[in-house]
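The structure appears right after this line, and notes come after that.
The values are calculated or read from the model by the stated rules, or taken from the named source; none is laboratory data. Here the structure is a predicted model, which means the values were calculated and not measured. Quick reminder, even Gly has a Cβ in these numbers, built from the backbone with ideal geometry, and neighbours come from all protein chains shown. Protein only, heavy atoms only, side chains kept; ligands, DNA and RNA dropped before computing areas. Shrake-Rupley method; radii C 1.70, N 1.55, O 1.52, S 1.80 Å.
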Amino acid sequence: GAGVSQSPSNKVTEKGKDVELRCDPISGHTALYWYRQRLGQGLEFLIYFQGNSAPDKSGLPSDRFSAERTGESVSTLTIQRTQQEDSAVYLCASSLLGQVYGYTFGSGTRLTVV
Amino acid sequence: GNSVTQMEGPVTLSEEAFLTINCTYTATGYPSLFWYVQYPGEGLQLLLKATKADDKGSNKGFEATYRKETTSFHLEKGSVQVSDSAVYFCALILTGGGNKLTFGTGTQLKVEL
């Protein structure tokens, strides 16, 4: 597609439930990133996929968080046993590997854990 | 490690005022530098970039110059408009360092009539 697409745009879930967030990157973009933006705070790196290489998971805050990517296409971010502190906007971005023009961001998924 | 420091907001200005949002960085290599903007209710958009020392990025009347000697990338605009009200994020990327963008905490700009 023309841009990075994320779904759902909003998700309200009960504490303790699992959620799955989806990201469709720009076609041909080999790199895909997940960031988290808590209310009033900056962007927190979560995970980075680069082609077929092992992902950089150094930003995942706990083992409740995991992400997958199939080839150079869709990625899913899964949060198990959600906690209230997981409430945030989850942003996905993609880029051409090696390009220094920055990322193209999706509009994000706003997750609210009640 | 790599880090980006921005001035805290909110910054409140009157329309047509001059804007400066300070940004300094620490990097283990030679980064490319970016400003992203997030308008209310929208996603992040790339505003401008600079990839080497003394480069000036510019877009929509905003400018920022890559100053290696002061490790800075301050954002400026000569005359702000109400429509410029948004959150501005300074960021860096080290090519070959995982191509991972490191962001500052963001600076909220409010422009009033």
* Asked: With solvent modelled as a 1.4 Å probe, how much accessible area in total do chains A and B shield from it at their shared surface, in Å² to the nearest 100?
  -> 1500 Å²
* To do: Using label points projected 7 Å from each Cα along Cα→Cβ, tell me how many nm separate A:Ser9 and B:Asn22, to one decimal.
  => 3.9 nm
* To do: With the full set of protein chains in place, find how many percent of the accessible area of chain B is carbon and sulfur; take the probe as 1.4 Å.
  => 46 percent
* To do: Show which aspartates and glutamates lie in cross-link reach of B:Lys68 when reach means a straight Cα distance below 20 angstrom and same-chain residues fewer than eight apart are skipped.
  => B:Asp54, B:Asp55, B:Glu76
* **Shape category assigned to chain A from the gyration tensor of Cα positions, a/c cut at 1.5** => prolate
* So which residues of the range B:74-113 lose at least 20 Å² of accessible area, probe 1.4 Å, when you go from the chain by itself to every protein chain present? -> B:Phe89, B:Ile93, B:Thr95, B:Gly98, B:Asn99, B:Lys100, B:Leu101, B:Phe103, B:Thr105
* Peptides B:71-82, B:49-60, A:10-21: what's the order by average Cβ count within 10 Å, highest mean first? -> B:71-82, B:49-60, A:10-21
* Structure fact -> Given unit charges at Cβ for Lys, Arg (+) and Asp, Glu (-), the dipole magnitude of chain B about its Cα centre in debye, nearest 20, is 440 debye
* In square angstrom, what is the accessible area per residue of the protein assembly as shown with a 1.4 angstrom probe? -> 47 Å²
* **Average partner coverage of A:25-34, which counts Cβ from other chains inside 10 Å** => 1
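Using a 1.4 Å probe over the heavy atoms of the protein chains, calculate the carbon and sulfur portion of the accessible area of chain A as a whole percent. Walk me through the intermediate numbers first.
On the way: 2400 of 5420 Å².
Looking at chain A in its full context, I get 44 percent from C and S.
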* To do: Compare the Cα positions of B:Ala91, A:Leu96, A:Thr76 along the charge dipole of the protein assembly as shown (+1 at Cβ of Lys, Arg; -1 at Cβ of Asp, Glu; about the Cα centre) and return the one farthest towards the positive end.
  => A:Thr76
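Let me confirm one metric for peptide A:103-112, namely the mean number of other chain beta-carbon atoms within 10 Å of its residues' beta-carbons.
Numbers: counts 9, 4, 8, 2, 4, 4, 0, 0, 0, 0.
Mean number of neighbouring Cβ atoms from other chains: 3.
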